[in-house]
Amino acid sequence: MRWLVVTACLLTTAAQAEDMRAFQHGISLVTVSEARKLVFWSSAVGPPGPDGNWSHDVFVADAGNPAQHKPIITAPEAQEPASAAISTDGRIMVTMEDGWNTDSETTQRFGLYNSDLSPVAAYPQLVAEGGHSGHVAAAGRRFVVFYSDGWVKGGGVDNLGSGQDVMVRLFDSDGRLQRHVAVASGKRDWWPLVASSDRRALLVWQRFVKGQTHAKLMMAVLDPASGTLVTAPKSLAELMVRYYTYAVTWIPATRRFLVTGTTKTGTGFACLLDEQGRVLTKRTDFAPMVREAWPAVNGTNVVTLTAPTGAMLLSVAGDRITPLRQYADPTPWAGIGAAADLGADGKVRVYSLSERGLVLREWGE
């Protein structure tokens, strides 16, 4: 196993920020070609200001040489959490929330770039005023930006409250808005995640449960071409989850979606769904998964990160989910963003965020 710490910029000390997201928050691994992958992440450029506001910029690096990073989006206040996706015609959308130069406390914005990182429509482009917590997936030559709107104070983890609504905005690969879809309103929904095939997007989010510190896992299926919901919002396999501790992944080899995470009781789960949102397989007997960690897919093999340390290799062949092996590591994950990669060489690489900077961990024969 190999380990490399790649510090993106000046970071605060632990005493200056109790919330680890103040250091870094949000990461995506984008495949440009078989030989080239890019890592995008949000990282602090200094300690929180006297008003408590975070200060993050969005950085990018070639996954093969993450030490050679550079900022791609910079502005006052925090541009986080970063989420990125690439369309089939080679356009890369990077989306994040921030409060810079807006009348709202937060605004979901994006920048659009060619694969050489030259701007098509440079930041700040608008997704939604008042939007937050957004994530993006590519559906052919379209982008699906799934975001939350509004906030309800009180309840949940640390009595911080919850989001209010979850929405989708669809853009073409030139960054032009095509459609706005109200997915769910008035139900205290937030932390919206999305994965997409060329014709269907699976939307997954958490719904507030009154008096509890866990959430109900929700789902819907969207047709990105028409902007219609093929499957209306509903509970995903009756799962109750630890806040923010779930992920959604598209598996092209089998045309299946995989949703992984941690239940309210602390067990890891995995659900395999078809493009209509039908649950084909559900398992709840795995090690717990890591918060805000994106799995890696190569053919029918999937790597997920396990809490508090290590990773697990799964086979997702047909409609079965089978654990193949565990990768050991003594250092705990921070839970503020990690993206795994499973290379053709059989090596597992994980780009994870921490208070020290971007960390690359690698397992191989």
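Charge dipole of the stretch 2-363 (Cα centre as origin; +1 on each Lys and Arg Cβ, -1 on each Asp and Glu Cβ, all else neutral): 1140 debye, rounded to the nearest 20.
On the beta carbon distance between GLU129 and ASP19, with R0 = 30 Å, the FRET formula returns roughly 0.75. Matching the structure-derived log10 I(q)/I(0) by the Debye sum over Cα atoms at q = 0.09, 0.12 Å⁻¹ against the labelled list (1) -0.50, -0.85; (2) -0.66, -0.95; (3) -0.44, -0.83 gives the label (3). With contacts taken as Cα pairs under 8 Å and at least 6 residues apart, the chain reaches a relative contact order of 12 percent. When only alpha carbons are used to place a centre, the stretch 60-133 and the stretch 192-218 end up 22 Å from one another. Residues whose amide H comes within less than 5 Å of that of GLU80, counting only those at least five positions distant or on another chain, are GLU97 (H built at 1.01 Å from N in the peptide plane). Summarising the label geometry, the points placed 7 Å from Cα in the beta-carbon direction at ALA35 and ALA328 lie 3.8 nm from one another. Loop-located trypsin sites (Lys or Arg not before Pro) in the stretch 322-365 (DSSP state not H, G, I, E or B) with no more than 14 neighbouring Cβ atoms inside 10 Å: LYS347, ARG356. Across the stretch 31-45, computed HN-Hα scalar couplings (Karplus, 6.51 cos²θ - 1.76 cosθ + 1.60, θ = phi - 60°) run 8, 7, 7, 4, 9, 9, 10, 10, 10, 10, 7, 9, 9, 5, 10 Hz from first to last residue, x flagging Gly and Pro. With each label modelled as a point 7 angstrom along the Cα→C-beta vector, the GLN212-ASP116 pair spans 5.3 nm. Extension gain, ARG320 to ASN65, is 88.2 nm, computed as 0.36 nm per intervening residue step minus the present C-alpha separation. Loop-resident trypsin sites (Lys or Arg not before Pro) (DSSP state other than H, G, I, E or B) in the stretch 242-318 with no more than 14 further Cβ atoms inside 10 Å of their Cβ: ARG255, ARG278.
Readers should treat all values here as calculations from the given coordinates under stated rules, not as data from a laboratory. Everything quoted here is computed from the prediction, not taken from an experiment. No Cβ is skipped: glycine too gets one built from the backbone with ideal geometry, and neighbour counts run over all protein chains shown.
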